[in-house]
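Below is one structure, written out as structure tokens; comments come after it.
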Amino acid sequence: MSKTPHRTPIIVVAGASGYIGRELIAKLLEKFPAAQITALSRSQQQSEDPRVIWKPCDLFSLKSIEYSLPKAVDYALYLVHSMGPTAQLDQGSFADYDLILADNFSRVLKGAAVKQLIYLGGLIPDKPKLSLHLRSRLEVEEVFSEYQLPTTIFRAGLILGQAGSSFQILIKLVKRLPVMICPKWTQTLTTPVDLQTVIQALTAATADLDHVGKTYDLAGCLPLTYMQMMNLTAKAMGFKRFFISVPFFTPTLSRLWVSLITNSSKDLVYPLIESLEHEMLARPDHLFHTRPDRQKDYGDLLKNISFKSIPGQFFFRFRIRRKTDRSVQRLILPQNKNAVWVKDQYLTWLPKFLSPLIVVRQRGQLTSFSLFGSPVNLLEMELSEERSNQDRQLLYVVRGLLVSIKNRGRLEFRVVLNRKFVIAAIHDFRPALPWFLYKYTQAKLHLFVMNSFSRYLNHKRPD
């Protein structure tokens, strides 16, 4: 039985501006009429209900999250996935981005004494080798566990919603291809779920602390193959389509033609296609409040979809700061080392690696980089003692010949995932160089340097 709190519940929804977040907020207000909901999104949103406070929040910034969250939080719902652009230039994996976002949110939420965190992730096949997309979903779960947050985990496959990115890709394939050559992955079984089932489950679990520590799978209908989904979707839309099966998996070719035909970002399409090698099935013994006799067919779910209202073109609803660079690399952390050690190693190794081109000078908390020891500094960074600790070292980019006046850049070394890795990340860096020149010179050099530093750290590991 749901344990509804007597006092006004304080609820935070991260990823609130997405199609799931907006529907969820409406249902939460029905369940908790007196609730105060803080809705986090990348850009400023207008609130039509005084009970909902929209706050623009950069989840890559601990300071932004600290500013946006209430001091005390009863229930938090995390709907964030980072499979879209985060800066004008992204030099990093979406999995590493998701890792940073979850780690940031966990650090702040831990201090807010949250009673329950609900996370919506993806179905996980029972296989030893998973795609990067699915491993990333599990890593987010691991982050919440590392911080010992009272978490309820929901896992869902393809969600049938008019604004859902994966469902829009399926719709576009059906609309634009009268004849489809279907590779082996289209024969893979999956369990889709309708948006209504997802929203009902998340709402029902909120404030019911009996669900803390549990993981649930969501299913809207009986399992079927992706080719069956496309065939039934075509019929529901009134199209006659022909499907020709071929006995090849062809993930590389598939992701290219899916991205081309649907005009969808490769950042979205590539990870999804790579996840289709294994069956994505909801486990019958892990379903949330679902009995077998209540399961529907896929065709029944399509009856609730208004195909005319589906957007004609998919776009990422992300606020991107122009002429900014985000560069994130995951490094293996040597045993018994911390972020202070990694930062010191980097500042010692870098001038040797780039000698005699780059000279590094340190004065107190200020580190400067110059060309051949010139008095004119290319870059200056200052360690923030206030925001740094043993497992996170934060250096602000303050000035330099290569730095824009509008720069808000920062470099951080952060220990993550139970001390298995350290993340080296540059956020929101604005160069002084013309953008095209920066992109193919300074940005490429930084990526080369960090990859080389990663190899250097690997040599520091004991055999």
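The values are calculated or read from the model by the stated rules, or taken from the named source; none is laboratory data. Not measured: the values here are computed from a predicted model. With ideal geometry, Cβ positions are generated from the backbone for all residues, glycine too; neighbour counts draw on all protein chains shown.
Within the range 135-147, is there a residue that is β-branched (Val, Ile, Thr) and over 17 Å from SER82 (Cβ atoms)? Walk me through how you get there before you give the answer.
Taking the range 135-147 as the starting set, the residues that turn out to be β-branched (Val, Ile, Thr) are 140, 143.
Subsequent filtering for residues that are over 17 Å from SER82 (Cβ atoms) retains none.
No; the residues of the range 135-147 include none that is β-branched (Val, Ile, Thr) and over 17 Å from SER82 (Cβ atoms).
Would you check if ASP103 is crowded, with 22+ Cβ neighbours inside 10 Å, more than 25 Å from TYR19 (Cβ to Cβ), of a type in the set (Asp, Glu) and not assigned by TED's automatic domain parsing to the domain that holds LEU445? Criteria met by ASP103.
Residue-by-condition table, conditions (1) outside any loop (DSSP other than H, G, I, E, B); (2) among the acidic types (Asp, Glu); (3) over 16 Å from the mean Cα position of the chain (by Cα):
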{"residue": "VAL114", "(1), (2), (3)": "no, no, yes"}
{"residue": "ASP126", "(1), (2), (3)": "no, yes, yes"}
{"residue": "PHE167", "(1), (2), (3)": "yes, no, yes"}
{"residue": "LEU170", "(1), (2), (3)": "yes, no, yes"}
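Filter the range 113-130 down to residues that are under 13 Å from TYR147 (Cβ atoms) and crowded, with 17+ Cβ neighbours inside 10 Å, then give me how many there are.
To start, the set of residues in the range 113-130 that are under 13 Å from TYR147 (Cβ atoms) comprises 113-114, 117, 119.
This time we only want the ones that are crowded, with 17+ Cβ neighbours inside 10 Å, so: 114, 117, 119.
Going through the range 113-130 one residue at a time, the tally reaches 3.
Would you say TYR75 is touching a Ser or Thr at 6+ places or on another chain (Cβ under 6 Å) and hydroxyl-bearing (Ser, Thr, Tyr)? Judged against the criteria, TYR75 is a match. Counting the residues of the range 433-455 that are surrounded by 15 or more Cβ atoms within 10 Å (Cβ to Cβ) and not in a helix (DSSP H, G or I) gives 1.
Let's see how each residue does on (1) of a type outside the set (Phe, Trp, Tyr); (2) under 23 Å from ASP428 (Cα atoms); (3) touching a residue at least 12 places away in the same chain (Cβ under 8 Å); (4) outside the structural domain of LEU417 (by TED's automatic domain parsing):
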position: ARG330; (1), (2), (3), (4): yes, yes, yes, no
position: SER355; (1), (2), (3), (4): yes, no, no, no
position: PHE369; (1), (2), (3), (4): no, yes, yes, no
position: LEU379; (1), (2), (3), (4): yes, yes, yes, no
position: GLN390; (1), (2), (3), (4): yes, no, yes, no
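Can you say whether LEU101 is free of Cβ contacts under 8 Å to residues at least 60 places away in the same chain, over 30 Å from PHE248 (Cα atoms) and touching a Leu at 6+ places or on another chain (Cβ under 9 Å), as far as the supplied structure shows? Here the answer is yes, as LEU101 does meet what is asked. Check the range 253-266 and report whether any residue there is part of a helix (DSSP H, G or I), touching a helix residue (DSSP H, G or I) at 6+ places or on another chain (Cβ under 6 Å) and surrounded by fewer than 17 Cβ atoms within 10 Å (Cβ to Cβ). Taking every residue of the range 253-266 in turn, at least one turns out to be part of a helix (DSSP H, G or I), touching a helix residue (DSSP H, G or I) at 6+ places or on another chain (Cβ under 6 Å) and surrounded by fewer than 17 Cβ atoms within 10 Å (Cβ to Cβ). The selection criterion, being assigned to a helix (DSSP H, G or I) and closer than 25 Å to LEU138 by Cβ, holds for ALA204. Filter the range 22-71 down to the residues that are in a strand (DSSP E or B) and among the hydroxyl-bearing types (Ser, Thr, Tyr), then identify the one that is modelled with the highest pLDDT. Among them, the one singled out is THR38.
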